[in-house]
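Some notes on the structure that comes next.
The values are calculated or read from the model by the stated rules, or taken from the named source; none is laboratory data. Since the structure is predicted, the reported quantities are computational estimates derived from the model, not experimental observations. Every residue, glycine as well, gets a Cβ built from its backbone with ideal geometry; the counts of neighbours run over all protein chains shown.
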Amino acid sequence: MIREWNGHKPKIHPSAFIHETAEIIGRVTIEKDASVWPFCVLRGDVDEIVIGEGTNIQDNTVIHCNEGAPTLMGKRISVGHSVVLHGCTVKDDCIVGMGSIVLDHATVEEFCIVGAGAVVSPRTTIPKNSMALGIPAKVARPLKKEEVEHIQWNAKEYLKLSDSHRKTSRRIF
C-alpha cells in the first residue's frame, strides 16, 4: 500500500516494481527499475528514504530513519530477506545479506557484502570492496573478483524477476 503521511507522498518511478503487500509511507523515493518485494515496510516519516536505481528490497525488510539520519540506498544493491536498515547509507553495488541490520549513521561503501545476520553498528563505515561479517560487523577480507561479479549478477537477476512478476503474477483468489 502506498500512503501519504503528513503531506508527504512517496515518489515512485513508473518502472519500479512494488509488490501489493509492501507498505510505502511518506518521504520515500524509489528510482528507476528498483523493486520492493512482499511484506516490506519503508516508513519515511521522521526523515527520508531513497532507494536507488536497480536496487531490490527483498521480502520482509524494514527500512526506517531517524531525524537527521535518512536511509539512503545507492544503485544496484540487493537487500536480502528480513533485513533492517535504519538511518544508514549503503552505496552502489552491494549485497546486504539476509537477516542483517545496518544502524543509524552507518555507511557501507561501494562493492561490499554485509554477510547474513551481521549487525553494522551505529556510525560504523564498512570500506569499499569489503566482506563484513559478525556481531558487530567487522571487515573479514577484501571481496574476490567472483563476489563482485555475483553482486552485479544478482542485481540483474532481480531486475528480470521484477519484470516477470509485473507481467505474469496474478491474484487467483
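Annotations
- Residue match in the stretch 4-14 (condition: modelled with pLDDT of 95 or more, in a strand (DSSP E or B) and buried (at least 21 other Cβ atoms within 10 Å of the Cβ)): no
- Subset of the stretch 133-172 that is small (Gly, Ala, Ser) and outside any helix (DSSP H, G or I) - its residue that is nearest to the chain's Cα centre (by Cα): Ala137
- Scanning the stretch 65-111 for residues being part of a strand (DSSP E or B), buried (at least 20 other Cβ atoms within 10 Å of the Cβ), of a type outside the set (A, V, I, L, M, F, W, C) and in contact with a Leu (Cβ under 9 Å, 6 or more places away or on another chain) gives a total of 1.
- For Val102, the stated conditions do not hold, so it cannot be described as over 19 Å from Ser130 (Cβ atoms) and β-branched (Val, Ile, Thr).
- The residue that is surrounded by the most Cβ atoms within 10 Å (Cβ to Cβ), among those in the stretch 115-148 that are in contact (Cβ under 8 Å) with a residue 24 or more places away in the chain, within 14 Å of Val96 (Cα to Cα) and in contact with a Leu (Cβ under 8 Å, 6 or more places away or on another chain), is Val120.
- Boolean, Arg76 is on the phi > 0 side of the Ramachandran plot and either touching a residue at least 24 places away in the same chain (Cβ under 8 Å) or among the hydrophobic types (A, V, I, L, M, F, W, C) (or both): yes
- The stretch 32-52, residues that are in contact (Cβ under 8 Å) with a residue 40 or more places away in the chain, surrounded by fewer than 21 Cβ atoms within 10 Å (Cβ to Cβ) and either on the phi > 0 side of the Ramachandran plot or not in a strand (DSSP E or B) (or both): Gly52
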